[in-house]
Amino acid sequence: MSDAHADVTKHVKAYIAVFTALITLTVVTVLASRLTVAPSVHVAIALAIAGFKASLVAMIFMHLKWERQAISGLC
Amino acid sequence: MSGDHHHEPSFIRKYVFSVDHKVIGIQYGVTALCFLFLGFCLIMMMRWQLAYPGETMPIIGNLFGEAAMPGGVMLPEFYNSLGAMHGTIMIFLGVVPLLVGAFGNYVMPLQIGAPDMAFPKLNMLSYWSYFLGGVVMLASFFVPGGAANSGWTSYPPLSDIATTGQTWWLFGMVCLITSSLLGSVNFIVTIVQLRVEGLTMFRLPFFVWAQLITSFLLLLAFPPLEAAGVLQLMDRLAGTSFFLPEGLVVSGVVQTQISGGGSPILWQHLFWFLAHPEVYVLILPAMGMVAEIISINTRKPLWGYRAMIYSTIFLGFMSFIVWAHHMFMTGMGTKISAFFATTTMIISIPSVVILTAMVISLYQGAIRFTVPMLFALAFLPMFAIGGLTGLPLGLPASDIHLHDTYYVIGHFHYVVAPGTIFAIFAGIYHWFPKITGRTLNKTLGYIHFAFSFIFINIIFMPMFWQGMAGVSRRLYDQTVYAHGDAVQSLTVISSWGAWMLGLAQIPFIINFFISIKAGKKVSDNPWEATTLEWSAPSPPPHGNFATVPVVYRGPYEYSVPGASSDYIPQHITTEA
Amino acid sequence: MSAEVLPYTVKPHPVTGLYNGKFGIWLFLASEVMLFGALFSTYIFLRIGAPETGPTAWPTGEQTHLSWKLGGLNTLILILSSVTMVMAWVQFKMDNLAKGRMYLIATAVLAIAFVAIKLKFEYMHKFHLGIKPSTSVFFAIYFTMTGLHALHIIGGVVVIAYFIGPGAKLWHENREYYTNRIECTGLYWHFVDLVWIFLFPILYLL
């Protein structure tokens, strides 16, 4: 179990980092929506940010980063 | 498991709210067979109106009251309800629950050597959610305006403005979708995680592979229908306009109370995104069962086992990108039509690979013409007719002529009725000894097969001619049109075929009930088969296997050169 | 059928590296992706099909009557709840029931705050302005998507409440089993957060 302990404490740092990134990106996406650019550029920026945020959640909070075995074992 | 004897579960825990996959499988099987019979009764009634439009229905005509059949003559609205519910019941409450819920649940864990499904409680929940969905569907017959009457496809705008029955239909579908979602999660986890030692993916019986791919289709294809169902509920209950365009005219009146801005085509996209993979849900497990039965009764390994598996995977993948071939008539444009026509032609290749592999498996086999084998053999040409008649429908140029005619009805019924339902009968005759420890009577079985085979072709073969003569589906009375009246005799033949098919089921029903109690007792492995379910006792006890089996070989080791017996079960180490 | 009989209910499978529950929840999430995917597709389909002008044109900016401030606040709340959820799992993993429970309670409180803001300040405000789902296709999709999302949140709160209360009994019987279940709940919870990450820009900003 000591192994697992060391593992999860390492995780906590990543969680805090992701949390900060998500908050920052939310602010960025709101600010970006006020730029005067073409609608298609708005869509591109908003979806790029949302996509990046979603991948952060999936990789870190949902532990996909640490599920290598499952992903390679199943495919 | 011997330690469990001191707390024998109560009757309710054991047979009603059971978590044992075998009991749940039987529950699914019995319920779904009842629904299958009910769905068949609905169509037998409709066939009277089709064959003898406007005439009083004999014997049962007066049982349905003035609202449905005044003076024993079926009203068009009631006809529409019967039609919509026939499709819904047959597909969602009859065939899929039989293939996946009953056979999948009962046989699959046994074939992989598992003590039960991975999530036994979810399994129970899946059955009861299905049961609830069935009850809601049945109850909808008794609401004002009758059951859903916009066809099993529920196309808007008609379904948006239809009577209350449609709302019930949507709630019923939500229950059924939940059920299949829980089931499919359970199946995939069970197949991947609970295989016994030595049973690698390429030692799995083909039936298990078929169930695995089917579960993926159910898992991923049903949610869009759930979304579409939610949107339609919003349209019906909250007055939104997801599927209603601006300026919609109903019975000559412009609808001003709706906001408009929606599109009826949106429903078609969401619906067919489910319903095309659903076609493969209806056929893949059937192919799986037929493959098992063919291998056992030819005493030969399945020819092209790996090619069949790869084809099944490819089929599953492709089935998600062919849906719009149901929508060539919506004016999607030539480019999109060409894309979907191409994918449709491509998807026919893996189906042909599987079918060919099964036909070649027969070559030089020492075929045992048992009752399940006869049904399995009949499946092959019947499915081939169904599949090949689908090709003209997949090409926009020929589809324009055939779209929504009886030709389409004939095509998909050949796939599902003499195709899948014959496979289901084959499965019942084949696994009945495992479930009860007794075998079904052979003579009655042969009678059942012979008459079913003849009459089912009498029903569906004329439909191709009817369709090519231009008769549309869902017509209440085709004789009002000159082109329909000209081929009315075909409708009469078809109808008589349906009623005779009904009579042909009597030997099966008698056989089924008598054999449960009085059938001939048989050994645990009456067919001399190799897969794991036959190494368990018949019927298998709670927990399935006395000792956990270990697998040493592939699923179809029949007639191995030099072996002392003509079959070597998967759990046998060396040839004795 | 109890946990001892079925393999891999608690311990991970040697090949897949997953215990049954985690595998199951991921499959469930795959189907959820298809559910919300269909709704997002509906949004795109309807928006592309909407005319440039006229009564059925797609509303933007002020016309939507949506406040990016409230939407943004709810975004922050959900992100924070995702962090507390994952921290709860960390605490259980480190054998600390009391702290883990605190984080679970924090998650549930944040979730309830999300739903409260949604209902009280957003939906009610719209109803006061006479805006209903039937007003236009935009509000139809707005109410349907956020409503379905809110139902997912409420479902999650029920599950979390169960693990704070009666479900915690399992902790004393089988810690690993309990922690696994929290992990599965967390996976679901993060997914709900993830859906909102997309809902916020497409409804409030674009």
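Sort the protein assembly as shown into rounded, prolate or oblate with this rule: let a ≥ b ≥ c be the square roots of the eigenvalues of the Cα gyration tensor; rounded if a/c is under 1.5, and if a/c is not under 1.5, prolate when a/b is larger than b/c, oblate otherwise. Taking the square roots of the gyration eigenvalues as a ≥ b ≥ c, the protein assembly as shown is oblate. Note that the stretch B:1-148 shows a convex hull volume over its alpha carbon atoms of 129 Å³ per residue. For the stretch B:517-574, GluC sites (Glu not before Pro) are listed when DSSP marks them as loop and at most 16 other Cβ atoms sit within 10 Å of their Cβ; the list is B:Glu528. Treating each Cα of the stretch B:261-302 as an identical point scatterer and summing with the Debye formula, the log10 of I(q)/I(0) at q = 0.26, 0.32 Å⁻¹ comes to -0.83, -0.96. Of the residues C:Leu70, C:Leu18, C:Leu78, the one that moves most in a GNM of chain C with alpha-carbon contacts below 10 Å is C:Leu18.
Please say if chain B is rounded, prolate or oblate, where rounded means a/c under 1.5 for a ≥ b ≥ c the square roots of the C-alpha gyration tensor eigenvalues, and otherwise the choice is prolate for a/b larger than b/c and oblate otherwise? Judged from the Cα gyration tensor, chain B comes out prolate (a/c at least 1.5, a/b above b/c).
Among the GluC sites (Glu not before Pro) found in the stretch C:2-63, those both in a DSSP coil and sparsely packed, with 10 or fewer other Cβ atoms within 10 Å of their Cβ, are C:Glu4, C:Glu52. Here is the tail figure for the stretch B:309-348: Cα pairs spaced more than 14 Å apart come to 44 percent of all pairs. Partner lysines whose Cα lies under 23 Å from the Cα of C:Lys118, excluding those fewer than 8 positions away in the same chain, are identified as A:Lys53, C:Lys69, C:Lys126, C:Lys132. With contacts taken as Cα pairs under 8 Å and at least 6 residues apart, chain C reaches a relative contact order of 28 percent. Applying the criteria of a DSSP loop state and at most 15 other Cβ atoms within 10 Å to the GluC sites (Glu not before Pro) of the stretch B:166-254 yields B:Glu197. Between B:Ile349 and B:Met500, what is the FRET efficiency for a Förster distance of 35 Å, r being their Cβ-Cβ separation, to the nearest 0.05? Taking R0 as 35 Å, the efficiency between B:Ile349 and B:Met500 is 0.45.
Angle, helix A:39-56 long axis vs. longest principal axis of chain A, Cα atoms, 0 to 90°, nearest 10? Between helix and principal axis, roughly 10 degrees.
Per residue, the average separation of C-alpha pairs within less than 8 Å and at least 6 apart gives chain B a relative contact order of 14 percent. Highest mobility in the GNM of chain C, judged by mean-square fluctuation with C-alpha springs under 10 Å and restricted to C:Val33, C:Val90, C:Val192, is found for C:Val33.
Taking the longest Cα principal axis of chain C as reference, the axis of helix C:20-49 is set at about 0 degrees. How far is helix B:442-468 tilted off the main Cα axis of chain B, in degrees rounded to 10, range 0 to 90? The answer is roughly 30 degrees. Here the residues C:Trp189, B:Trp323, ranked from fewest to most Cβ neighbours within 10 Å of their Cβ, fall in the order B:Trp323, C:Trp189. Mean projection of the Cα convex hull over all viewing directions, computed for the stretch B:356-422: 5.1 nm². Distance distribution P(r), chain C, all Cα-Cα pairs, bin width 5 angstrom from 0: 1, 7, 14, 17, 16, 13, 10, 8, 6, 4, 3, 1, 0, 0 percent. Starting from the Cα gyration tensor of the stretch A:2-74, take the square roots of the eigenvalues, sort them a ≥ b ≥ c, and report rounded, prolate or oblate (rounded when a/c is under 1.5, otherwise prolate if a/b is larger than b/c, else oblate). Oblate is the answer for the stretch A:2-74, as a/c is 1.5 or above yet b/c matches or exceeds a/b.
Rounded to the nearest 20 debye, the dipole magnitude of the stretch A:2-74 is 180 debye, with +1 charges on Lys and Arg beta carbons, -1 on Asp and Glu beta carbons, and the Cα centre as origin.
Values quoted throughout were computed directly from the atomic coordinates according to the rules given, and no laboratory measurement underlies them. Quantities reported herein were computed from a predicted structural model and do not represent experimental measurements. Please note: Cβ atoms are built from the backbone with ideal geometry, for glycine as well, and neighbour counts cover all protein chains shown.
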